[in-house]
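Participant: This is the structure, below, for whatever I ask next.
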Amino acid sequence: MNVSPAKENILKKIRKALSQSTPLPFPQSEGNQPVFHPLQQEVAIEFAEQFTALQGKFIYCINRQELAFQLSSLIQKHQWQKVYCVEDQLISSITTSFADRITQTHLATADVSITGCECLVARTGTIVLSSAQMNGRTTSVYAPVHICIAFTHQLVTDIDDAILQTKEKYGDNFPSLVSFASGPSRTADIEKTLVVGVHGPKEVYLFLVEV
């Protein structure tokens, strides 16, 4: 088969191009570099700043004893009578002076709900919750006030760290729901006016316990 000189010239150029690697024009777009810069401060401080900026209420406790005291004081101050909590491990560690107010039924009439969490995302001030950890899907969003109790070992830097940690914890039994809560529920859909508590709690408290 005869090949015209013009076609042969084109084929030579193609072979030459294939034999030489071409540098990527935009190497940073290949996903091999981190999207965010490293945090400039400790993860606990970063979380506290981001969480409070989102109208969350942050309380730091040096140990479980202070947690029990601070939590009891908060409940007494607001005179919450029905405290919904279904996580037995939490109940055993926090109920001191308000054990008679704890309920594991009638979430619809509760003044406040208490949950743990899977982890805390420092960069965005986000609480990561799952249906497995809460024994259901509604505990953190149904009551008008949500109190989350977390420990310093649950702090992670970014959301991908949170997802990886949750996968490692549950393996093949990954929860049917994993939610990301960043402060109280809020929306500005109606005339661009910010309204708090439309799709979830009006107030969110985060107790971070040193361990």
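Participant: Please list 70-80, 171-181, 152-162, 120-130 highest first by mean number of surrounding beta-carbon atoms within 10 Å per residue.
Facilitator: 120-130, 152-162, 70-80, 171-181
Participant: Which FRET efficiency, nearest 0.05, do residue 42 and residue 135 yield, Cβ-Cβ r, R0 25 Å?
Facilitator: The computed FRET efficiency comes out at 0.20.
Participant: Take every Cα-Cα distance within region 116-159, group them into 5 Å bins from 0 onward, and report for each bin the whole-number percent of pairs it holds.
Facilitator: In order of increasing distance, the bins hold 5, 22, 29, 24, 16, 3 percent.
Participant: Taking the alpha-carbon distance from residue 16 and a cut-off under 23 Å, which lysines remain once sequence neighbours fewer than 8 residues away in the same chain are dropped?
Facilitator: Reachable lysines: 7.
Participant: What is the extension gain from residue 97 to residue 142, computed as 0.36 nm multiplied by their sequence separation minus the C-alpha to C-alpha distance, in nm to one decimal?
Facilitator: The residue 97-residue 142 span can extend by a further 13.8 nm.
Participant: Next question, about the same structure. What is the gain in length, in nm to one decimal, between residue 174 and residue 62 on full extension, counting 0.36 nm per residue of separation less the C-alpha to C-alpha distance?
Facilitator: Result: 37.2 nm gained on full extension.
Values in this text are rule-based calculations from the coordinates and carry no lab data. Computed from a prediction, not measured in an experiment: that's the story for all the values here. Ideal geometry is used to build each Cβ from the backbone, glycine not excepted, and the neighbour counts take in all protein chains shown.
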